[in-house]
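Report on the structure given below.
The values are calculated or read from the model by the stated rules, or taken from the named source; none is laboratory data. Quick caveat: nothing in here was measured; it's all calculated off a predicted structure. Positions of Cβ are generated from backbone atoms using ideal geometry, with glycine treated the same way; all protein chains shown enter the neighbour counts.
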Amino acid sequence: MRATESPILNRIELQIDLHYEIQPPGAEFVFNIHAAETPNQRVSAERLSITPAIAPVMHTDLATGTRGMRLRADAGTLQVSYAATVDLLHHRADPALLDEVPASRLPPEALSYLYPSRYCQSDRLLTMAGKAFGRLAPGYGRVLAIRDWVHGHVTFKSHSSDAHTSAIDTLIEEVGVCRDFAHLMIALCRAVGIPARYATGTDYGADPALGPPDFQAYVEVFLHDRWYLFDPSGTAIPMGFVRLATGRDAADVAFASIFGDVRSHAATVRAVAVEDAAQGWVRPHLCDDALSTDGGVATAQPALAA
C-alpha cells in the first residue's frame, strides 16, 4: 500500500514582497502570507520585515494551520516582506484506495465544506453535477473526473475575471484564472456531497509565458482521512505548492484584505526548490500518487442504538 511509504520530501525557499501607498487617515490590513504549519508542512526558518516598523497581531487557526496577520498603518508607504524555508513532507497514497466519506461520518471540521458559499454556489449546480458525476463510482477517481472536466471546459486567460466572478459565472463564460478553476471544482464537488475547500499558495512550476510568479489558488478535497491536493487549472506543479491559507472560498483567504484608501502595487512572489540528495530533498514533480500536506483525521463512527 503506497500510503505507508516514506513521504516525498521537498524544500521550498519562499519570498513574498508587498508594497502599498496609503492615503489619510490610514488603513487596516489582514494578510494571509505566512506559510501554514501542518503535520506535513513545516517552517524551518522565516523572516518578516515591515516598513515602517509596525508590530502586527498574529493569529493561528488550529484547525487548518493558517496563520493570519493584522496591522494598522498610517498614511504613507507600507512595505511588507516575508521569507521562509518550508519543508514539505507529502503524505502520498494510492488513489485507488481513497474512498469518499459520507456526511454522517465526516469529522466536524470538514462539515462546513459541504455547504454553498459566496463564490461556490453548489446548491445551484445539483442537477448539472448529478447528471455529469452522480453515477460515477465514489472515490478519488470521481474527484479526478471533476477536476479533469473543469480543466477541459475552462480556458486559462489572465485578467479574465474579477473579485465578483463566481463558480456560476465561470461555468457560463468558460474562461478564468486559477481562482475561478478552483471555485468551479469546489462547487461541483460539494454538489455531489464531497467536502472541498479553497487553498492559496504559490504557483511553483508555472509556465513563464503565463506571466511572472504569483499566488496560486488550488483545491483540497477530503477523502478517506485527510485533505488531498488538486490543481484544476493545470498551470503548476502541486507537489511544490506551499499552503498559505485554506477556507470555504477566496472570500475567506485573500492574501491581503484592505480597509481604507490604498493603492496596491503588484506583489512579487518567488518560490525556489532546494535539491539536496544527501538530505533527501527532491525537486517537485508531477506524479500519479494522491498527495497531502495535511495530517490524518479520525472519521466519526456511528453511535450504537439504545
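Below is a table of values for the structure above.
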{"quantity": "All positions within segment 98-129 that are more than 16 Å from VAL297 (Cα to Cα) and out of contact with any Asp or Glu (no Cβ under 8 Å at 6 or more places or on another chain)", "calculated": "LEU114, TYR115, GLN121, SER122, ASP123, ARG124, LEU125, LEU126, THR127, MET128, ALA129"}
{"quantity": "Index of the failed condition, THR60 passing every other in (1) over 19 Å from ALA267 (Cβ atoms); (2) touching a residue at least 24 places away in the same chain (Cβ under 8 Å)", "calculated": "(2)"}
{"quantity": "Residues of segment 140-154 that turn out to be surrounded by fewer than 22 Cβ atoms within 10 Å (Cβ to Cβ) and closer than 14 Å to SER233 by Cβ, as a count", "calculated": "6"}
{"quantity": "Failed item, numbered, when VAL43 is tested on (1) surrounded by 19 or more Cβ atoms within 10 Å (Cβ to Cβ); (2) more than 27 Å from ILE146 (Cα to Cα)", "calculated": "(1)"}
{"quantity": "Answer residue from segment 52-72, given it is surrounded by 13 or more Cβ atoms within 10 Å (Cβ to Cβ) and among the β-branched types (Val, Ile, Thr) and is modelled with the lowest pLDDT among those", "calculated": "THR64"}
{"quantity": "Selection count, segment 42-62, where residues are outside any strand (DSSP E or B), of a type in the set (A, V, I, L, M) and touching a strand residue (DSSP E or B) at 6+ places or on another chain (Cβ under 9 Å)", "calculated": "2"}
{"quantity": "Segment 216-250 - residue that is among the acidic types (Asp, Glu) and not in a strand (DSSP E or B) and, of those, surrounded by the fewest Cβ atoms within 10 Å (Cβ to Cβ)", "calculated": "ASP225"}
{"quantity": "Test: residue in segment 97-113 that is in contact (Cβ under 8 Å) with a residue 24 or more places away in the chain, outside any helix (DSSP H, G or I) and touching a Lys or Arg at 6+ places or on another chain (Cβ under 7 Å)", "calculated": "no"}
{"quantity": "Subset tally (residues that are aliphatic (A, V, I, L, M), part of a loop (DSSP other than H, G, I, E, B) and modelled with pLDDT of 95 or more) for segment 1-41", "calculated": "3"}
{"quantity": "Conditions (1) hydroxyl-bearing (Ser, Thr, Tyr); (2) buried (at least 21 other Cβ atoms within 10 Å of the Cβ); (3) part of a strand (DSSP E or B); number of the one not met by THR85", "calculated": "(2)"}
{"quantity": "Long-range neighbours under 7 Å by Cβ, at least six apart or interchain, first residue surrounded by fewer than 16 Cβ atoms within 10 Å (Cβ to Cβ) within segment 1-24, second at pLDDT 95 or above and among the basic types (Lys, Arg)", "calculated": "GLU21/ARG263"}
{"quantity": "Total residues in segment 108-139, condition under 20 Å from the mean Cα position of the chain (by Cα), surrounded by fewer than 17 Cβ atoms within 10 Å (Cβ to Cβ) and of a type in the set (A, V, I, L, M)", "calculated": "1"}
{"quantity": "The one condition in (1) buried (at least 16 other Cβ atoms within 10 Å of the Cβ); (2) closer than 17 Å to SER292 by Cα; (3) free of Cβ contacts under 8 Å to residues at least 60 places away in the same chain that ALA93 fails to fulfil", "calculated": "(3)"}
{"quantity": "Number of the exception - THR77 against (1) surrounded by fewer than 15 Cβ atoms within 10 Å (Cβ to Cβ); (2) in contact (Cβ under 8 Å) with a residue 24 or more places away in the chain; (3) under 23 Å from ALA182 (Cα atoms); (4) not charged (D, E, K, R)", "calculated": "(3)"}
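Per-residue answers, yes or no, for (1) without any contact (Cβ under 8 Å) to a residue 60 or more places away in the chain; (2) out of contact with any strand residue (DSSP E or B) (no Cβ under 6 Å at 6 or more places or on another chain):
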residue: ALA129; (1), (2): no, yes
residue: ARG135; (1), (2): yes, yes
residue: THR165; (1), (2): yes, yes
residue: CYS178; (1), (2): yes, no
residue: VAL192; (1), (2): no, yes
